[in-house]
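Read-outs throughout are calculated quantities, based only on the coordinates presented, and are distinct from any laboratory measurement. Please read all numbers here as calculations on a predicted model, not as lab measurements. All Cβ positions, even for glycine, are placed from backbone atoms using ideal geometry, and neighbour counts span all protein chains on display.
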Amino acid sequence: MASYPDIYVIRHGQTEWNVVNRYQGHLDSPLTNLGRAQALAVGRTLLRELGHHPDLSAFTSPQGRAADSAALILGDLGLSAKTDERLQEIAFGRWEGLTLEKILSGWPDKAAMAATEPFLWHFQAPGGERLAALKTRCRAFLKDLSGPSIVVTHGVTSRMLRGIWLGLEDRETAMLPGGQGVIYHLGAACGHRAIKTDAFAPSLNG
């Protein structure tokens, strides 16, 4: 396991496209009412866990759904997040804006992998980002951290950050849990700890 500072990794709240299983990637859609409630629940939980922590840094993906979630999460903690492009979701290329149903009908040769390896399948999109590229930018982000940090990002990027922090192989990273309304705390004393809020919603695909 590499030596990185403690991190609190959070996926953005539910969006309108999440509801209809439409792939966002580098595109965006607004938070739903539930998504805003999830972000506020994460903020309350972090405040109970950490209190006001002046030495804590916060970072967010620049994409609207993550940045809006970060603002809601961090309000009561008295923190603001620095945007970092390395925390963006992977680009899904020609799949962006399409529902899973449309993707599977348009690329039937990918259907078997979607069912058996949903995490690794994300890197098969025509014109999309590949596993090695995501790994490179996530590793660079973690290497630049100088202390404990809150990180607001996306489903696939969240798993990659946690997998690198834990020193996992790709297939082990694929098995990490995901979800919205949950905080993943990674630290030397706790390993990988899920802190679920009252708005937790599990996710298979990130």
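Whole-Hz Karplus values for region 135-144 come out as 4, 4, 6, 5, 5, 5, 4, 4, 5, 7 Hz, taken residue by residue from phi with 6.51 cos²θ - 1.76 cosθ + 1.60 and θ = phi - 60°; glycine and proline positions read x.
As a proxy for reagent exposure, 49, 129 were ordered by neighbouring Cβ count within 10 angstrom, fewest first; the result is 49, 129. Annotation: amide H-H contacts under 5 Å for residue 98 (H modelled 1.01 Å from N, sequence separation of 5 or more, or interchain): 23. Here the residues 146, 61, 80, ranked from fewest to most Cβ neighbours within 10 Å of their Cβ, fall in the order 146, 80, 61. The calculated FRET efficiency for residue 175 paired with residue 3, based on their beta-carbon distance and R0 = 30 Å, is about 0.80. For the chain, take the longest principal axis of its alpha carbons; what is the angle in degrees between that and the long axis of helix 64-74, to the nearest 10 within 0 to 90? Taking the Cα atoms of the chain, the angle to 64-74 is about 20 degrees. Whole-Hz Karplus values for region 188-200 come out as 4, 7, 10, x, 10, 10, 8, 10, 8, 9, 6, 10, 4 Hz, taken residue by residue from phi with 6.51 cos²θ - 1.76 cosθ + 1.60 and θ = phi - 60°; glycine and proline positions read x.
Taking only DSSP H segments of four or more residues, each worth -39500 (n - 2.57), what value at 222 nm results for the chain once the sum is divided by all its residues, to the nearest 500 deg cm²/dmol? My calculation for the chain gives -11000 deg cm²/dmol from helical runs alone. Taking only Cα atoms, what is the 0 to 90° angle, nearest 10, from helix 33-50's long axis to the longest principal axis of the chain? Taking the Cα atoms of the chain, the angle to 33-50 is about 40 degrees. A cut-off of 5 Å between modelled amide H atoms, ignoring neighbours fewer than 5 places along the same chain, links residue 59 with 82, 150, 151, 152. The relative contact order of the chain, computed from alpha carbon pairs under 8 Å that lie at least 6 residues apart in sequence, is 32 percent. In straight-distance terms, cross-link reach from residue 82 covers every one of the lysines whose alpha-carbon lies under 17 Å from its own, apart from those fewer than eight places away in the same chain; here that gives 143. Under 10 Å, Cα contacts only: if you run a Gaussian network model on the chain, which one of 93, 155, 147 comes out with the highest mean-square fluctuation? Taking springs between Cα atoms under 10 Å, the residue moving most is 147. In this simple spin-label model, placing a label point 7 Å from the Cα along the Cα-to-Cβ direction at both residue 104 and residue 21 gives a separation of 0.6 nm.
Of the labelled figures [x] 1.20; [y] 0.96; [z] 1.04, only one reflects Cα Rg over 2.2 N^0.38 Å as derived from the coordinates, namely [y].
Note that region 148-163 has calculated 3J(HN,Hα) couplings of x, 8, 8, 10, 9, 8, 10, x, 5, 5, 4, 5, 5, 4, 5, x Hz, one per residue in order, obtained from phi through the Karplus relation 6.51 cos²θ - 1.76 cosθ + 1.60 (θ = phi - 60°); glycine and proline are x. So how far, in whole Å, is the C-alpha centre of region 135-153 from the one of region 1-48? The two parts, judged by their Cα centres, are 17 Å apart. Full extension of the segment from residue 188 to residue 120, taken as 0.36 nm per residue of separation minus the current Cα-Cα distance, would add 21.7 nm. Fewest-first ordering of 82, 102 by other beta carbons within 10 Å of each residue's beta carbon gives 82, 102.
Our summary gives region 125-206 a relative contact order of 24 percent, counting only alpha carbon pairs under 8 angstrom and 6 or more residues apart.
Here residue 102 is the anchor, and the lysines within straight C-alpha reach of less than 25 Å, apart from those fewer than 8 places off in the same chain, are 110.
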